[in-house]
Amino acid sequence: MAETNPAEPRPPGRLLGPVVSPPGPHAAYATRPQESRGRFHPETESATRSCYSRDRDRIIHSSAFRRLKHKTQVFVQHEGDYYRTRLTHSLEVAQLARSLARTLSADEDLAETVALAHDLGHTPFGHAGEEALDAATKDVGGFDHNAHALRLVTKLEHRYADFDGLNLTWETLEGLVKHNGPLTGPLPGPIAGFDRRWPLELSSWPGLEAQLAALADDIAYVSHDIDDGLRAGIFTIGELTAAPLAGAHVKGVLERHGELELSRFIGELIRTLMSELMEDVLNQTRANLTGLSSVAMVRGAGRATAAFSPPLLQRLKALKAFQMQNMYRHPRVMAAMTRAQAVVTDLYQAFVADPGLLPADWARIAREGVPGTVARDYIAGMTDRYALAEYARVFRTEIQL
């Protein structure tokens with residue numbers, strides 16, 4: 001739905017009512033529900049769920065989360081049902097983040113929540129769609145998917161009578177905005193605006209749970225993009241043998257099992273690759289946690305606490321470079337993404353030129369405000385197939401990706 005203009009909210013405050021802690025012990029450096037900085041709009045908390053568990057449930061039930069089912073990860077949807085979408089990717093990241101948090105005695109619910117939310121702000125058509133929307137909207141501040149995710153959970157989701165957004169806890173919002181590290185330099189408008197209302201301490205690192213979610217994202221996508229690339233025939237097993245980091249695991253599977261059907265080969269390869277990455281994170285993070293006895297110390301450490309070891313990080317960067325060259329820039333992928341970028345650009349220009357082309361509620365807001373920002377929000381929320389359907393409606397012609 002389009003944005004409304006709610007009354008000025010009450011000042012943010014502590015959690016109200018019972019504060020439930022999840023089962024299992026928390027380490028001294030973990031983020032504790034009972035120490036949460038609360039929600040922007042004070043609410044009575046659940047008697048059966050911790051505040052972070054409640055945040056997770058709100059994200060899962062949101063419209064933005066459901067739309068991830070039909071948003072591209074790498075391959076557009078019509079190419080096959082086996083390839084990852086933003087939704088399946090987010091679920092995989094959440095599973096890895098929860099496993100890391102459990103092993104390190106951090107808050108599993110918060111790690112899972114940040115993982116589930118980390119891709120909410122993505123446009124249709126993956127990074128190509130984001131690049132196109134950012135370029136098209138420079139006159140209204142551009143587009144940043146983390147900034148849009150913050151707008152979704154604080155403004156654009158309309159599920160509750162008393163406030164816009166999902167009214168998530170401070171710790172979840174902090175993790176959503178800066179799970180990849182401190183934000184410095186010019187800030188995207190939505191982040192700067194919200195930070196003025198409720199400071200998120202953007203110059204510091206987030207808590208351990210958000211950092212673990214970011215590493216889980218890295219582990220998930222480098223692994224499952226190998227899976228998708230092999231299934232799609234973008235590269236062969238033989239070519240993958242030469243890939244940094246992954247190549248050693250390819251050779252190991254071949255040595256142990258010989259020739260396997262593709263699904264079994266991929267399963268063995270991804271299992272062993274993920275295991276190495278997860279174990280490295282756990283070992284390096286344990287070492288980095290030495291001497292840190294509170295979440296405040298994690299935030300104030302001046303560096304990432306959750307991390308890969310330096311040698312593995314270099315191998316991981318080399319693997320990402322291999323994937324960029326051999327998968328993301330593959331002619332088959334690039335051709336589809338070039339056409340997808342044209343869809344995003346053309347739709348934005350059409351909606352700004354004639355806001356009447358927007359659905360009625362969005363058109364009303366566009367006429368009362370800035371058409372470009374409304375068109376940007378509308379397009380960012382689209383799924384791949386809805387963007388194509390809107391293109392066909394607006395231009396009375398279909399485009400094939």
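The values are calculated or read from the model by the stated rules, or taken from the named source; none is laboratory data. Just so you know, these numbers come straight off a predicted model, no measurement behind them. Positions of Cβ are generated from backbone atoms using ideal geometry, with glycine treated the same way; all protein chains shown enter the neighbour counts. Surface areas here come from the heavy atoms of the whole protein model, side chains and all, with no ligands, DNA or RNA. Shrake-Rupley method; radii C 1.70, N 1.55, O 1.52, S 1.80 Å.
Overview of values
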{"item": "Of the criteria (1) open to solvent by less than 60 Å² (accessible area, probe 1.4 Å); (2) at pLDDT 95 or above, which one residue 333 fails", "result": "(2)"}
{"item": "Counted residues, the range 128-171 - those being farther than 12 Å from residue 190 by Cβ and touching an Asp or Glu at 6+ places or on another chain (Cβ under 6 Å)", "result": "3"}
{"item": "Only one of 131, 171, 92, 112 that is in contact (Cβ under 8 Å) with a residue 24 or more places away in the chain, in a helix (DSSP H, G or I) and touching a Leu at 6+ places or on another chain (Cβ under 7 Å)", "result": "171"}
{"item": "In the range 188-236, residue least open to solvent (accessible area, probe 1.4 Å) [restricted to those that are among the acidic types (Asp, Glu), farther than 19 Å from residue 115 by Cα and modelled with pLDDT of 95 or more]", "result": "195"}
{"item": "Matching entry among 99, 90, 105 (being more than 29 Å from residue 228 (Cα to Cα) and of a type in the set (S, T, N, Q))", "result": "105"}
{"item": "Residues of the range 38-53 that turn out to be out of contact with any strand residue (DSSP E or B) (no Cβ under 7 Å at 6 or more places or on another chain), more than 20 Å from residue 120 (Cβ to Cβ) and surrounded by fewer than 20 Cβ atoms within 10 Å (Cβ to Cβ), as a count", "result": "4"}
{"item": "Some residue of the range 173-187 being farther than 27 Å from residue 301 by Cα and open to solvent by 20 Å² or more (accessible area, probe 1.4 Å)", "result": "no"}
{"item": "Options 239, 259, 255, 279: the member that is open to solvent by 50 Å² or more (accessible area, probe 1.4 Å), of a type outside the set (A, V, I, L, M, F, W, C) and either touching a Gly at 6+ places or on another chain (Cβ under 9 Å) or under 28 Å from residue 304 (Cα atoms) (or both)", "result": "279"}
{"item": "Helices (runs of 4 or more DSSP H) completely within the range 246-313 that count 1 or more residues being in contact (Cβ under 8 Å) with a residue 12 or more places away in the chain and of a type in the set (Gly, Ala, Ser)", "result": "246-257"}
{"item": "The range 54-70 residues that are within 24 Å of residue 107 (Cα to Cα) and open to solvent by less than 70 Å² (accessible area, probe 1.4 Å), paired with ones that are outside any helix (DSSP H, G or I) and of a type in the set (S, T, N, Q) (beta carbon under 6 Å, 6 or more apart)", "result": "54/46; 55/169"}
{"item": "Residue list for the range 364-399, restricted to those being among the hydroxyl-bearing types (Ser, Thr, Tyr), part of a loop (DSSP other than H, G, I, E, B) and open to solvent by less than 30 Å² (accessible area, probe 1.4 Å)", "result": "383"}
{"item": "Qualifying positions in the range 140-165 - open to solvent by less than 20 Å² (accessible area, probe 1.4 Å), at positive phi and either touching a residue at least 24 places away in the same chain (Cβ under 8 Å) or assigned to a helix (DSSP H, G or I) (or both)", "result": "142"}
{"item": "Residues (of a type outside the set (A, V, I, L, M, F, W, C), in contact with an Asp or Glu (Cβ under 8 Å, 6 or more places away or on another chain) and either over 30 Å from residue 161 (Cβ atoms) or modelled with pLDDT of 95 or more (or both)) located in the range 20-48", "result": "24, 26, 31, 32, 33, 36, 37, 41"}
